[in-house]
Amino acid sequence: MKKTSLALISLAPLTALAGEAIQTNSSTYSIQSEHSEWYYRVALYGWGQSLDGDIGVMGQTAAVDVDFSDLVEDLEIGLMGAVEIGKGRWSVLLDLNYADLSDEISTPNSKIDFEQEQLVGNLVLNYQAINSDVSKLTLFGGIRGNWLDVNMSYTGGPLKDRTLDEDKSWADPIIGLRYRQDLGSSIYLRALGDVGGFGVSSDFTWQAMAGLGWQFNPCGGLFLGYRAIGTDYEDGGFTYDLSAHGPMIGLEYKF
């Protein structure tokens, strides 16, 4: 199948970059410690995705295979936002993200116009199990909620001029861990992994992320990395079995 057009606004759950204290190598600039006061963090992120998998509505499934290079020309910059509130080793994170993508898939005898709107929200509780001057290990658990409105229009072939539309929402439990290692000169490594679903709603959902950050002042940081997330969800004739992966950039501030 050949893709002929694409428009994408790309956002994703922010749990990939939440939870660690912002600090330089010097303990003088540490904002969070085991006995610290309440702190607040806000963040903005963008993610350029490649997508692959299957979307199905009313038993009719379409393959989605969109490389990052395919969407460069049509990509509209998307941002996501999050707020984190914490004290000591504990914190709570809430993020809300919206994505809108469309694709046109052509075969020799038919055409499929695909459009998807998605709202993803995460509410997680973080616990910083290891908190040293140079490394931090954070455990987290919570809920990932999804809302999807999928529309597929078929032209030609055995499904002539047929439009299928489905609106779905579900929530999945998730558990994971996050690691940060200071490398010196205000540079740090950050990595994350989580899994969820467990058959509660999705059969399985997962996430992985790794990258480098730059602490440009005691309260602010810039992060560059690569991220992948996948979800396998089925309900009746509705199928959402997709993975997304690509580079990401983030700016965060803590006060």
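Coordinate-derived values only; no laboratory data. For clarity, every value in this text was computed on a predicted model and none was experimentally measured. FYI the Cβ positions are ideal-geometry reconstructions off the backbone, even for glycines, and counts take in every protein chain you see.
Side notes on the structure shown:
- Extension gain, Asp165-Asp203: 0.36 nm per intervening residue step, less the Cα-Cα distance, totals 11.4 nm.
- Spin-label model distance (nm) - Leu177 vs Asp54, 7 Å beyond Cα toward Cβ: 3.4 nm
- Ala210 paired with Asp67, simple spin-label distance in nm, labels 7 Å along Cα-to-beta-carbon: 2.3 nm
- A crude spin-label estimate for the pair Leu137 and Val83, with each label 7 Å from Cα along the Cβ direction, gives 3.3 nm.
- Gyration tensor verdict on region 189-255 (Cα atoms; rounded if a/c is under 1.5, prolate if a/b is larger than b/c, oblate otherwise): prolate
- Sequence ranges 124-135, 203-214, ranked by mean other-Cβ count within 10 angstrom, highest first: 203-214, 124-135
- FRET efficiency, 1/(1 + (r/R0)^6) with R0 22 Å, evaluated for Asp149 and Glu104 via beta carbons: 0.75
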